[in-house]
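> I'd like to ask you about the structure that follows.
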Amino acid sequence: MIVVSSPKFLQNEASCINQLFDAGLEIFHLRKPDSSKEALERLLASVEEKYYSRIVLHQQFGVSLKFNINRIHFNERTRSRRHEILQDFDVQKLILSTSVHSIKDFNELPKVFEYAFLSPIYPSISKPDYKSKVDLIQSVKSRTNFETKLVALGGIEEGNQKSAIESGFDHVAILGTIWNAECPIKKFKSMKLSK
């Protein structure tokens, strides 16, 4: 299971990130679309250094050099510019991921991406009224790309995470389920047990 950060900064967020890792979180996507470099650095400085190798940056990629983070995520807009963006990086040491909104786009991804989010699988929890125009669960039957891991994102909760995996996804990622919960750590542990 992958956790994607809230797009907004939260109170005690670094502590929560540390606790998620302590509870068994493998990968944390740090996605703050409107964040300044300084705000992102302040947050990362409060996360335990031992977890940096499990954090994925979605923007302000230069911050990764300061914190020795080797995971970078490209959304659809920036994916085509990845060569230009990564010119100052040792790309051999990077683990790249990306986002897609159709199985066709997923099937056409270059092999440089370790995994890709396909979303929204179910109606989004973090973005009300955001849902796919097609049944993405059914579309997984058309998967031809098995080099890249396929990660379900969007509306993932305890009641449907298992069915997403059974339908052909390799992993699930959660966002709204965690950050809308009264206690994100408790919710994460509960979902981890029910997978």
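> Can you find, within region 40-58, the residue that is surrounded by the fewest Cβ atoms within 10 Å (Cβ to Cβ) among those that are closer than 24 Å to residue 98 by Cβ and out of contact with any helix residue (DSSP H, G or I) (no Cβ under 8 Å at 6 or more places or on another chain)?
53
> Look through region 53-80, keep the residues that are in a loop (DSSP other than H, G, I, E, B) and touching a strand residue (DSSP E or B) at 6+ places or on another chain (Cβ under 8 Å), and return whichever of them is farthest from residue 40 (Cα to Cα).
Pass one, region 53-80, residues in a loop (DSSP other than H, G, I, E, B): 58-62, 68-70, 75, 80.
In the following step, the residues that additionally are touching a strand residue (DSSP E or B) at 6+ places or on another chain (Cβ under 8 Å) were identified as 58, 61, 69-70, 75.
Numbers: 58: 11, 61: 10, 69: 13, 70: 16, 75: 18 Å.
Ranking the candidates gives 75 first.
> Failed condition for residue 121, given (1) in a loop (DSSP other than H, G, I, E, B); (2) at pLDDT 90 or above; (3) farther than 22 Å from residue 30 by Cβ; (4) among the aliphatic types (A, V, I, L, M), with all others met?
Only one criterion is unmet by residue 121, namely (3).
> Somewhere in region 90-98, is a residue crowded, with 16+ Cβ neighbours inside 10 Å and of a type in the set (Ser, Thr, Tyr)?
yes
> Among the residues in region 57-80, are any touching a Leu at 6+ places or on another chain (Cβ under 8 Å), under 21 Å from residue 186 (Cα atoms) and not hydroxyl-bearing (Ser, Thr, Tyr)?
No, region 57-80 contains no residue that is touching a Leu at 6+ places or on another chain (Cβ under 8 Å), under 21 Å from residue 186 (Cα atoms) and not hydroxyl-bearing (Ser, Thr, Tyr).
> Please specify each residue of region 62-87 satisfying the condition of being among the polar types (S, T, N, Q) and either at pLDDT 90 or above or surrounded by 16 or more Cβ atoms within 10 Å (Cβ to Cβ) (or both). Talk me through it step by step, then tell me what you get.
First, pick out the residues of region 62-87 that are among the polar types (S, T, N, Q): 64, 68, 70, 75, 78, 80, 87.
Once the filter is applied, which keeps residues that are among the polar types (S, T, N, Q) and either at pLDDT 90 or above or surrounded by 16 or more Cβ atoms within 10 Å (Cβ to Cβ) (or both), region 62-87 yields 64, 68, 70, 75, 78.
> Could you please let me know if residue 144 is over 17 Å from residue 125 (Cβ atoms) and crowded, with 20+ Cβ neighbours inside 10 Å?
On the way: over 17 Å from residue 125 (Cβ atoms): yes; crowded, with 20+ Cβ neighbours inside 10 Å: no.
For residue 144, the condition - over 17 Å from residue 125 (Cβ atoms) and crowded, with 20+ Cβ neighbours inside 10 Å - is not met.
> Could you please find all residues in region 1-28 being open to solvent by less than 20 Å² (accessible area, probe 1.4 Å), β-branched (Val, Ile, Thr) and over 14 Å from residue 42 (Cβ atoms)?
Residues satisfying the conditions are 2, 3, 4.
> Looking at this structure, is residue 163 in contact with a strand residue (DSSP E or B) (Cβ under 9 Å, 6 or more places away or on another chain) and either among the hydroxyl-bearing types (Ser, Thr, Tyr) or loosely packed, with under 13 Cβ neighbours inside 10 Å (or both)? Don't jump to the end; show me each part of the working.
Details: in contact with a strand residue (DSSP E or B) (Cβ under 9 Å, 6 or more places away or on another chain): no; either among the hydroxyl-bearing types (Ser, Thr, Tyr) or loosely packed, with under 13 Cβ neighbours inside 10 Å (or both): yes.
Here the answer is no, as residue 163 does not meet what is asked.
The values are calculated or read from the model by the stated rules, or taken from the named source; none is laboratory data. Source: prediction; values computed, not measured. Backbone-built Cβ (ideal geometry, glycine too); neighbour counts: all protein chains shown. When the accessible area is computed, the model is the full protein with side chains, heavy atoms only, and any ligands, DNA or RNA have been set aside. Shrake-Rupley method; radii C 1.70, N 1.55, O 1.52, S 1.80 Å.
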